[in-house]
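Only one structure is covered here, and it is reproduced in the block below.
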Number of protein chains: 8
Amino acid sequence: MSNPKVGIIMGSKSDLPVMQDAADILKELGVAYEITVVSAHRTPERMFNYAKTAAERGLKIVIAGAGGAAHLPGMVASITHLPVIGVPVKSSNSIDGWDSILSILQMPNGIPVATVALNAAKNAGILAAQILATSDDELSNRLLDYKEDLRKKVEQSASEM
Amino acid sequence: MSNPKVGIIMGSKSDLPVMQDAADILKELGVAYEITVVSAHRTPERMFNYAKTAAERGLKIVIAGAGGAAHLPGMVASITHLPVIGVPVKSSNSIDGWDSILSILQMPNGIPVATVALNAAKNAGILAAQILATSDDELSNRLLDYKEDLRKKVEQSASEM
Amino acid sequence: MSNPKVGIIMGSKSDLPVMQDAADILKELGVAYEITVVSAHRTPERMFNYAKTAAERGLKIVIAGAGGAAHLPGMVASITHLPVIGVPVKSSNSIDGWDSILSILQMPNGIPVATVALNAAKNAGILAAQILATSDDELSNRLLDYKEDLRKKVEQSASEM
Amino acid sequence: MSNPKVGIIMGSKSDLPVMQDAADILKELGVAYEITVVSAHRTPERMFNYAKTAAERGLKIVIAGAGGAAHLPGMVASITHLPVIGVPVKSSNSIDGWDSILSILQMPNGIPVATVALNAAKNAGILAAQILATSDDELSNRLLDYKEDLRKKVEQSASEM
Amino acid sequence: MSNPKVGIIMGSKSDLPVMQDAADILKELGVAYEITVVSAHRTPERMFNYAKTAAERGLKIVIAGAGGAAHLPGMVASITHLPVIGVPVKSSNSIDGWDSILSILQMPNGIPVATVALNAAKNAGILAAQILATSDDELSNRLLDYKEDLRKKVEQSASEM
Amino acid sequence: MSNPKVGIIMGSKSDLPVMQDAADILKELGVAYEITVVSAHRTPERMFNYAKTAAERGLKIVIAGAGGAAHLPGMVASITHLPVIGVPVKSSNSIDGWDSILSILQMPNGIPVATVALNAAKNAGILAAQILATSDDELSNRLLDYKEDLRKKVEQSASEM
Amino acid sequence: MSNPKVGIIMGSKSDLPVMQDAADILKELGVAYEITVVSAHRTPERMFNYAKTAAERGLKIVIAGAGGAAHLPGMVASITHLPVIGVPVKSSNSIDGWDSILSILQMPNGIPVATVALNAAKNAGILAAQILATSDDELSNRLLDYKEDLRKKVEQSASEM
Amino acid sequence: MSNPKVGIIMGSKSDLPVMQDAADILKELGVAYEITVVSAHRTPERMFNYAKTAAERGLKIVIAGAGGAAHLPGMVASITHLPVIGVPVKSSNSIDGWDSILSILQMPNGIPVATVALNAAKNAGILAAQILATSDDELSNRLLDYKEDLRKKVEQSASEM
């Protein structure tokens, strides 16, 4: 695969079952990515370096997933000017996901995080593809095909009832 | 200004005091936009047409703000393949903003909405610029300058204490 | 069975175990219905057409169930002038049902959705029958019998304690 | 005006500023109604009698508004077989409306209440009209006109921006 | 056992596993009780009669348990002048118990319900005994013994660590 | 007035505007009371002594109001065997009253607090009177008159509409 | 081990599986502790004595865990001037932990409780060590090593992906 | 004043009216402090440096206040091994304080933040003094005096009622 455009990071390896969905849909849509563990709280310098060098390493977008007091997406967004997509993870230490959502979503003016639904790493991947597709017509067409597939599957299940 | 790249829409004219922030920051960052009222509930066909033609009219991103049972961002995202940024508005009929947030954020797999904080239209504008900057180096530099200004203002207020 | 009076739709086939209760009680009360899958987000045009033609196809009421950012009931209500009954479904991607409830209930002025309790598709069916019974004395009597049965069952269980 | 078809009741006279909206829209749509105070908690017998005689007095629908531990809509629904529309009122003793909503919405199987948004008495009135319109073509046309007016007002405010 | 002083009622037989705790502790404390099913929603007349005749039948206190939109405790309190203790039950149709709690607790001025913790039927029984003990010195002494036992059990478990 | 039967205490003098309602209704119902400030957190020994001596001083019931992390009602209940009525106060440091409610209501098995609605000190007073009336027929009659007055006021306001 | 510096207490022996984590990490960090059961509600005098004598017995910090209406941490803090660390426990009678958190966290001015995350007894232990390390350089170094270990583990799991 | 022992930082100058309470009580208790603005999101490097050098500059404790998605306390705690006290601020962009609380409180294992009540900067100051008093007998005595003053003020207000 070519040079990664999307960096997928997560606060803990235990977030991988959720975050793998982002990788899978990016692969399906033909978007090169990298994936690793970066903890804002346990490896703050690693996080700092990851965010600081993301653009120069050729990344266009960062997808960051975390749970509980989830600071990873917001901190990465504070360091890089790339768009950051936040995935609130309903981890074992989360209060039904409310902490994960609020600590990712409620960023102050100046530092947005593009937040998707709880555990919705797949949508984070699709959103990353949509962002890249704003300057990539082929990817845009693959997204149109993907949307068409969604439609067909619903109509298929409707016809089976 | 050149052809609009970002379409800003809102469910009601009463959302304008919030949504104007998106327009203002886009103007400041030199991104062409259009702004109008499109109600998912009161003008569903207008909403449908707006979303259906967004890409062909040259828009690259849609920013949609709404409050209460806020269906506008999600419905636009269901129709277009462009990235859609949702702004939950704490409108007068909203329950402290919780309904606005959840009905925009919690989209099903396949149809992401890039949700920002409650009333954070400014961040929606910045996020739109970040998305366009993934293929526009000049805009990317303006975003770096903007981040630098944020930093300086904090240091200025720190030095005044 | 005669021409359907009630259209039961749901956002995903995975909502069927919940929504089947609406069909069952309508059958028990002798009300003709149809049931299918219509996704606001994955099949917006199908949703649009379903709602647009509901009245002319003879439907008197639409029951719509959905979970998470549940836009189906509200969007159908925005397109048809028929009464729409919304069933918030506690689907797997829902935050304990709060998102489902708020995104169905909190409709803006002008576009009501008659919302029932979380997962209460049975009550949606009974409400549809109550609506039809406002101009159907026989159905009205069947509803009185149904209420009488509820009473007897409680008294039966009381007598067994 | 002719014999009332819709009975509007509320738990306290202090709910009138909210509940008047139901009366106003019904008047605008040409639907005869009656309006009074019935408290489930302070006048349980009056509530019982109101609900018990509602159908025989010619009412087709009851709209009931209440706040806090709001039992009026559900108790009326337990006694009459008419459709009952519940309006959660954000009264002074309510916790941001959450108690009003949950104690109206979360009715058990067998006894539905058609719940509308917090303070949305206007939507309760429209829903009552939609219910009556299932057997009244003229009213149905007035509702279509009303929907058309909503659309025009949005387009008007869009054209003014 | 002597004439019952405490009436324990519940909205559904499915609440019995929770409500049995009230009966058990009353038995342990030597307080005569009766226990049955009374549904505010499915048997409103039975509920009305139960509450209306409670005092004349010699009951001094009513313990009422219910879940979801739990109207039983409040409606009984609206009809009788006896103290009513409400037990919010986390029933299968409840949203994590929030609806049960709020629809029992948030009674309007004039009509109190003495609410205990979610599913805390045991505490409802103890509270009933405390109320009767305000005019019964022997029962008062049994309550002091019960409190002493609680203390000893904690100290026992402390000594075992 | 005779020897106080009800002790009204509150965590801070700032709770007095809420808690005065308990005193006023007790006076109206002819029940002797005392009222003072006792802080669980700032005067733990005073709280301990108040609760320890409450019964021997002739009190039959304690009404305790507090806000935020409201420990006063539960701690008094842990020390005395008298019934304790808790009033959650929406004080300035409370999060919309949720903390006040939950920290009073959710007592563990063995130590009930009879919780009333947020700020509902009036209902705490009525509940105290209902408890005393279980062994006082005159007070019982005054409560019946009070209920009758509530009814008449509603009917009066109904007749004025 | 030397004289205990940290007292770990919990409201019930059923909290031990959670609270043991505090003991384990203190042992790992070489900090002497004691651990026992003290119930604010069932053994108020024991709680009073524990808190009153904590400082004179040589304790420097108290860690208190409790669930539901969790009064133990706040009451201990009201009696001793030592720093008190509160651990909200998601016990079986807790409403998803919200009651535990709010009744520990929301202490009034003058009486702080250092609250950690839901069930986070391990963090309570680390915080206690951090507090002692403000005057103990060796312990400070062990904490630096602990932080370094956290970092290495994340980098290890990153390298394995 | 001597070398500061406590560093007070806040995410924005707009948090100063809340955070000043921490400074005031520390001054009253004779604890040297410094106070400044450090934004995790707008000045991440400044935050990083502040936390990295805190211990070597002689600070013993950091008090950090922030609102909304409040990452400052947790990020400082991730970098320094000093105890960090977090003050959730109910800032204008906060959802009633819930986001501020959850994003500070719900830290993962390994990285505690000692969280105090919403807006409770005064308690943060007291807690800092309690921590320093674990190795400072004079400060310990001043805290005992402070507690005694709290007690006297309550008894004074009790005697005035």
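Assorted remarks:
- Within the full protein context, the accessible area of C:Asp21 is estimated at about 60 Å² for a probe radius of 1.4 Å.
- Nearest-to-axis residue in chain F, judged by Cβ distance to the rotation axis that brings F onto A and given in whole Å, is F:Trp98, 7.
- For the stretch H:1-160: relative contact order, % (alpha-carbon pairs under 8 angstrom, 6 or more apart): 23
- In the stretch G:87-104, burial by the other protein chains removes 10 Å² or more of accessible area from G:Lys90, G:Asn93, G:Ile95, G:Asp96, G:Trp98, G:Asp99, G:Ile101, G:Leu102, G:Ser103, compared with the chain on its own (1.4 Å probe, ligands and nucleic acids ignored).
- Of the solvent-accessible surface of the stretch C:27-67, computed with a 1.4 Å probe and all protein chains present, 43% belongs to carbon and sulfur.
- Per-residue ellipticity at 222 nm from helix content only, as computed over chain G with -39500 (n - 2.57) for each DSSP H run of at least four residues, stands at -15000 deg cm²/dmol.
- When the Cα gyration tensor is reduced to axis lengths a ≥ b ≥ c, the ratio a/c is 1.5 or higher for the stretch G:1-95, and with a/b not above b/c it is classed as oblate.
- Accessible surface buried upon E-F contact (total; probe 1.4 Å; Å², nearest 100): 3400
- All-pairs Cα distance distribution in the stretch H:35-161, expressed in whole percent, bin size 10 Å: 13, 36, 30, 16, 4, 0
- Acute angle (nearest 10 degrees) that the helix C:44-53 long axis makes with the longest principal axis of chain C, alpha-carbon atoms: 60
- Amide H contacts under 5 Å for A:Lys90, placed H, 5+ residues apart: A:Asn119
- Using heavy atoms of the protein chains and a probe of 1.4 Å, the accessible area assigned to A:Asp137 is about 120 Å².
- For chain E, the longest principal axis of the alpha carbon atoms and the long axis of helix E:16-28 meet at an angle near 50°.
- For the protein assembly as shown, the fraction of C-alpha pairs more than 44 angstrom apart is 42%.
- Using Cβ point charges alone (K and R +1, D and E -1), the dipole size of the stretch B:2-122 about the Cα centre works out to roughly 240 debye.
- If R0 is taken as 41 Å, the Cβ-Cβ distance between G:Glu138 and E:Ser159 corresponds to a FRET efficiency of 0.75.
- Rolling a 1.4 Å probe over the protein chains gives D:Leu132 an accessible area of about 20 Å².
- Entry comment: accessible area of the protein assembly as shown is 32 Å² per residue, from protein heavy atoms only and a probe of 1.4 Å.
- Within the accessible area of the stretch D:91-161 (1.4 Å probe), percent carbon and sulfur: 43
- Centroid-to-centroid separation of the stretch G:27-91 and the stretch G:107-152 [C-alpha atoms, Å]: 16
- Among the residues of H:43-52, the average count of other protein chain beta-carbon atoms within 10 Å of the residue beta-carbon is 4.
- Net charge, D:Val6 excluded, C-beta distance under 11 Å - Lys, Arg +1, Asp, Glu -1: +2
- The stretch E:26-83: GluC sites (Glu not before Pro) in DSSP coil with no more than 14 other Cβ atoms inside 10 Å: E:Glu56
- A simple count of charges around D:Met107, restricted to other residues whose Cβ falls under 13 Å of its Cβ and scoring Lys, Arg +1 and Asp, Glu -1, yields +1.
- Percent of beta bridges antiparallel (DSSP, the protein assembly as shown, rounded to nearest 5): 5
- Across the options E:Pro108, E:Met19, E:His41, the greatest Cα extent toward the positive end of the charge dipole of chain E (unit charges at beta carbon of Lys, Arg, Asp, Glu) belongs to E:His41.
- DSSP bridge orientation in the stretch G:36-161 - percent antiparallel, rounded to nearest 5: 0
- With θ taken as phi - 60° and the Karplus curve 6.51 cos²θ - 1.76 cosθ + 1.60 applied, the whole-hertz 3J(HN,Hα) list for the stretch D:73-80 is x, x, 6, 4, 5, 6, 9, 9 Hz, x standing for glycine and proline.
The values are calculated or read from the model by the stated rules, or taken from the named source; none is laboratory data. Note that the structure is predicted; figures quoted are calculated from it, not measured. In this analysis, Cβ positions are derived from the backbone assuming ideal geometry, glycine residues included, and neighbour counts consider all displayed protein chains. In case anyone asks, the SASA skips ligands and DNA or RNA and just uses the protein heavy atoms, side chains included. Shrake-Rupley method; radii C 1.70, N 1.55, O 1.52, S 1.80 Å.
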